[in-house]
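> Structure below; questions to follow.
The values are calculated or read from the model by the stated rules, or taken from the named source; none is laboratory data. The structure presented is a predicted model; accordingly, all values stated were derived computationally and were not measured. In this analysis, Cβ positions are derived from the backbone assuming ideal geometry, glycine residues included, and neighbour counts consider all displayed protein chains.
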Amino acid sequence: MKYLCLIYVEEQILNGFSNQERVKISDEAMAYCDTLQKAGRLLVASPLHPVETATTVRVRASKTLTTDGPFAETKEQLGGFLMIDVPDLNDAIRIAAQFPVARFGSVEIRPMKEDGCA
Amino acid sequence: MNEKSLKQAQSTVEEIYRAESRRVLATLIRLLGDFDTAEEALHEAFMAATEQWPQNGIPTNPRAWLVSTGRFKAIDSIRRRARYDASLRELAKHSETITDDVQEQEDEHLQDDRLRLVFTCCHPALKPEARLALTLREVCGLTTEEIARAFLTKPATVAQRIVRAKNKIRDARIPYEVPTALELPARLDTVLHAIYLVFNEGYSASFGTALTRADLSGEAIRLGRLLTQLLPEPEVMGLLALMLLHESRRAARTSATGDLVLLEQQDRSLWNGELISEGIALLERTLAARRIGPYTLQAAIAAVHAEASDAARTDWAQIVALYDLLLQVEPSPIVELNRAVAVAMRDGPIKGLELIDALLMRGELTDYHLIHAARADLCRRIGKKEEACASYRNALALTKQEPERRFLERRLAAL
């Protein structure tokens, strides 16, 4: 079963870290992703640029509306994601709990539909 | 077959349904991999039993018969439907991969299946209210209507909660398993908490006109007994002891007119001695274990009350000491409030009032009616009439329960 793990962090918390701390967390996250990939449980993962770089697109009445920023403003921002392939939710929870950012941010686990959009 | 033996066979089927249906269901969920399919299979199996047992006699192992009949009926129906529905093909495949002899496997896995069911219904990925509804429905076998009545909600609301929870179990693939030893303590907490919530809702209904709803407490105690039998961890027994000791006071907690009677005014001859001895025996077994958790400590507090002949002769020093331990393992402002009340009994109302006022200053319990009621009572005892009245009014504004409201109004009127 494939799950998309969405990593959310409050920007304030991130800003509170020193550069050194940031590098340490990032190294730890990359190392963890490497381990997962070698175990065949990680399909793809990536951190994301900050939310200021986000662009939202909608098409209404055949017109494309492009706006700056995310669709909804929230305190917690999507900072990255992991797409994993594991037997069940308990495995997904275990993986999410060991992801370093979970210690100060949060991980939303969404099961992926395997039978199309219906 | 004559009419008498036919009736006899039917009542045997009913008896077996009551005793075994939840166990059969728990195993069918594992074998079929889906709650709804298993429920349907359970229904089919008992239909078949009602038809066949009066003719052919009761099988030697009725439970194994029901499991294998239910399983074959389900596989049959999945196969038939799978011809038309692509999404069922995988389920059909899953069911067919189980080739082991069900009867042989069954005894070995049976205990585990019931635990699997409890842990799945109380999975932390489900909403707390859904855990309660699902546990009462699947583990206890209550109907949606019964659950709705117990929680004073609409059957449609309960049904929706259960459907959503089952959908999540299926779509997010919550596994049907007992947690590993490493995860057991945290997962067990969730299960115990769900059982305790069911008990409390039955013991001290949080809203409505009745003070207690005995049927819910009864279900919680049944669940506690089941879990004690399947997984005799210290806190499991501690929770059962706690529920039994509280339950022992049920008859004394309300007057004939349905009004609240406080612990110190209760007629202790109405306390149920059998439940008390069972609770204390369990507690002694639990205290022998080295890990003592919050449920065991609360049970120990209840046991000190149970062993006292009246409020004045209660060992309040020991109760305060137990609350101190409880605060260490599970700090909470409510436990601090209870401790303050015990301190008032040990050292006098002024000492208790100091603690309660300090607690109120912190603000966490400002909206909790019982802290105002406790403060009012202590003010009343030391003759601070006006402050007592003000606190009773605060409590009255916050309580949502009719008998408590009447109790507070009587106290206020007496001043």
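> Being part of a strand (DSSP E or B) and within 14 Å of chain B (Cβ to nearest Cβ): is that true of A:I84 here? Full working, then the answer.
Details: part of a strand (DSSP E or B): yes; within 14 Å of chain B (Cβ to nearest Cβ): yes.
Yes: the conditions hold for A:I84.
> Also: Cβ-Cβ below 8 Å, separation at least six or inter-chain, first residue in the stretch B:47-61 and assigned by TED's automatic domain parsing to the domain that holds B:Q8, second outside any helix (DSSP H, G or I) and at pLDDT 90 or above: which pairs?
Partner pairs satisfying both residue conditions: B:W53/B:P59.
> Additional query: What number of residues within the stretch B:27-57 are buried (at least 16 other Cβ atoms within 10 Å of the Cβ) and either touching a Ser or Thr at 6+ places or on another chain (Cβ under 6 Å) or hydrophobic (A, V, I, L, M, F, W, C) (or both)?
13
> Ok, one more. Applying the selection to the stretch B:298-317, what residues are closer than 17 Å to B:L287 by Cα, without any contact (Cβ under 8 Å) to a residue 40 or more places away in the chain and crowded, with 16+ Cβ neighbours inside 10 Å?
The answer is B:A300, B:I301, B:V304.
> Okay, moving on. Scan the stretch B:132-186 for residues that are within 14 Å of chain A (Cβ to nearest Cβ) and of a type in the set (V, I, T) and jot them down.
Within the stretch B:132-186, B:I169, B:I174, B:V178, B:T180 qualify.
> Something else about it: Out of the stretch B:264-280, which residues are under 23 Å from the mean Cα position of the chain (by Cα) and surrounded by 13 or more Cβ atoms within 10 Å (Cβ to Cβ)?
The answer is B:W271, B:N272, B:L275, B:I276, B:S277, B:E278, B:G279, B:I280.
> Another question, then. Given the conditions (1) closer than 19 Å to B:R405 by Cα; (2) touching a helix residue (DSSP H, G or I) at 6+ places or on another chain (Cβ under 6 Å); (3) without any contact (Cβ under 8 Å) to a residue 40 or more places away in the chain, which single one is not true for B:Y203?
(3)
> Only one of these conditions is not met by B:L223: (1) touching a residue at least 24 places away in the same chain (Cβ under 8 Å); (2) out of contact with any Cys (no Cβ under 9 Å at 6 or more places or on another chain); (3) on the phi < 0 side of the Ramachandran plot. Which number is it?
Going through the list (1) touching a residue at least 24 places away in the same chain (Cβ under 8 Å); (2) out of contact with any Cys (no Cβ under 9 Å at 6 or more places or on another chain); (3) on the phi < 0 side of the Ramachandran plot, B:L223 breaks only (2).
> May I pose another question? With respect to the numbered conditions (1) at pLDDT 95 or above; (2) exposed (fewer than 12 other Cβ atoms within 10 Å of the Cβ); (3) more than 14 Å from chain B (Cβ to nearest Cβ), which one is the sole condition not fulfilled by A:H49?
With respect to (1) at pLDDT 95 or above; (2) exposed (fewer than 12 other Cβ atoms within 10 Å of the Cβ); (3) more than 14 Å from chain B (Cβ to nearest Cβ), A:H49 is out only on (1).
> Between B:L365, B:L325, B:L355, which is over 17 Å from B:Q265 (Cα atoms) and not in a helix (DSSP H, G or I)? I'd like the intermediate steps shown before the answer.
Values: B:L325 fails: not in a helix (DSSP H, G or I); B:L355 fails: not in a helix (DSSP H, G or I).
Going through B:L365, B:L325, B:L355 in turn, the sole match is B:L365.
> Right, next: Counting only residues that are facing another protein chain (nearest Cβ under 9 Å) and exposed (fewer than 13 other Cβ atoms within 10 Å of the Cβ), which one in the stretch A:87-117 is nearest to the chain's Cα centre (by Cα)?
A:K113
> Those residues that are hydrophobic (A, V, I, L, M, F, W, C) and within 21 Å of A:F104 (Cβ to Cβ), I need them from the stretch A:33-80; list them, please.
A:C33, A:L36, A:A45, A:L48, A:V51, A:L78
> Quick one: is A:P70 within 14 Å of chain B (Cβ to nearest Cβ) and assigned to a loop (DSSP other than H, G, I, E, B)?
Criteria not met by A:P70.
> Which pairs have Cβ atoms under 7 Å, sit 6 or more apart or on different chains, and link a residue in the stretch A:100-118 that is modelled with pLDDT of 95 or more to one that is in a loop (DSSP other than H, G, I, E, B)?
If the second residue must be in a loop (DSSP other than H, G, I, E, B), the pairs left are A:V107/A:F99; A:P111/A:M1; A:P111/B:A172; A:P111/B:R173.
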